[in-house]
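Have a look at the structure below before the remarks.
The values are calculated or read from the model by the stated rules, or taken from the named source; none is laboratory data. These numbers were taken from a predicted model, which means no experiment stands behind them. Here Cβ is always computed from backbone atoms with ideal geometry, including for glycine, and neighbour counts include all displayed protein chains.
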Amino acid sequence: MSSLDQLAGRLLGDHPRPGVLYGIGAGPGDPGLLTLRAAALLRRLDLGAVPRSVRRGGVAVQAIAAHTAPGSLVELVSDMPADPGAVERGWRGRVAPLVAALDEGRRVGMVTDGDPSLYSTFAHAAAAIVEARPATEVAVVPGVPSMCAAAAVEGRPLAVGADRVAVLPASRLETGDLEAALAAADTVVLLKAGAAMRRLRALLEGPARGWSVRYARRVGLEGEEHADTLDGASADYMALVILRRPAAGGE
């Protein structure tokens, strides 16, 4: 028995339980950043689901590979359309295998990139499952968000004291969202920033002139990059950008 298996009893108690849907954060993709609670829970699941888009796989599979049994994972493929109604309709059909497994009394979890509570597909999946099976209890195991992992590599905090932080999904920005965040916050974090690179470069020549820039791509994964400029930055879906307001009187 491994030391993690021995620790599992203290970490989990009677979890996982049949009939409970577990949302498990895998962190940014580095297996070393998977929490002990998540790893212990994964070893006890009968069925785990991992999301992926139609264009690319998620990072969760890499992070959890050492803690799942062969054949215990199912992929839930989503194209994540912009229309919220289409998103919800898509997930109603997509979660059918999980609903069936819960009905059978199996121990079921869904693993997501980063943290299940932060711009995660788990929110859509859980809502669809509870709609189909109202008795379902939902439990969440948090994960390390990529923005925190990126700040750790940089060696610079995201916020100190009374600093205000705005976190935005670059792939879902409306007109004026970035400008409003710059006006209100001291640190602005853009997740899934590849879609907004051109707009970000323009902002740095205008409203965000003088703000410091930190670019990170594929944090914790093969091909990881970090830079203090957007020059040459890849328009990667798995990129993020951290903008920090200059200190009063200059840095």
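Scanning the stretch 47-59 for residues that are buried (at least 19 other Cβ atoms within 10 Å of the Cβ), of a type in the set (Gly, Ala, Ser) and at pLDDT below 80 returns a single hit, Gly58. Return yes or no: is Ala125 closer than 25 Å to Leu11 by Cβ, assigned to a helix (DSSP H, G or I) and over 19 Å from the mean Cα position of the chain (by Cα)? Judged against the criteria, Ala125 is not a match. Here Gly232 fulfils each of the conditions (1) exposed (fewer than 15 other Cβ atoms within 10 Å of the Cβ); (2) touching a Pro at 6+ places or on another chain (Cβ under 6 Å); (3) among the small types (Gly, Ala, Ser) apart from (2). In the stretch 182-204, the condition of being of a type in the set (D, E, K, R), under 30 Å from Leu34 (Cα atoms) and out of contact with any strand residue (DSSP E or B) (no Cβ under 6 Å at 6 or more places or on another chain) is met by at least one residue.
Restricted to the stretch 175-214, and to residues there that are outside any helix (DSSP H, G or I) and under 21 Å from the mean Cα position of the chain (by Cα), the residue that is surrounded by the fewest Cβ atoms within 10 Å (Cβ to Cβ) is Lys192. You will find that of Gly143, Gly161, the residue that is assigned to a loop (DSSP other than H, G, I, E, B) and surrounded by fewer than 17 Cβ atoms within 10 Å (Cβ to Cβ) is Gly161 and no other. Against the condition at pLDDT 90 or above, in contact with a strand residue (DSSP E or B) (Cβ under 9 Å, 6 or more places away or on another chain) and among the acidic types (Asp, Glu), how does Asp177 come out, does it pass? The answer is no for Asp177.
Does Ala151 satisfy being of a type in the set (A, V, I, L, M) and not assigned by TED's automatic domain parsing to the domain that holds Arg52? Taking the combined requirement at face value, the residue satisfies it.
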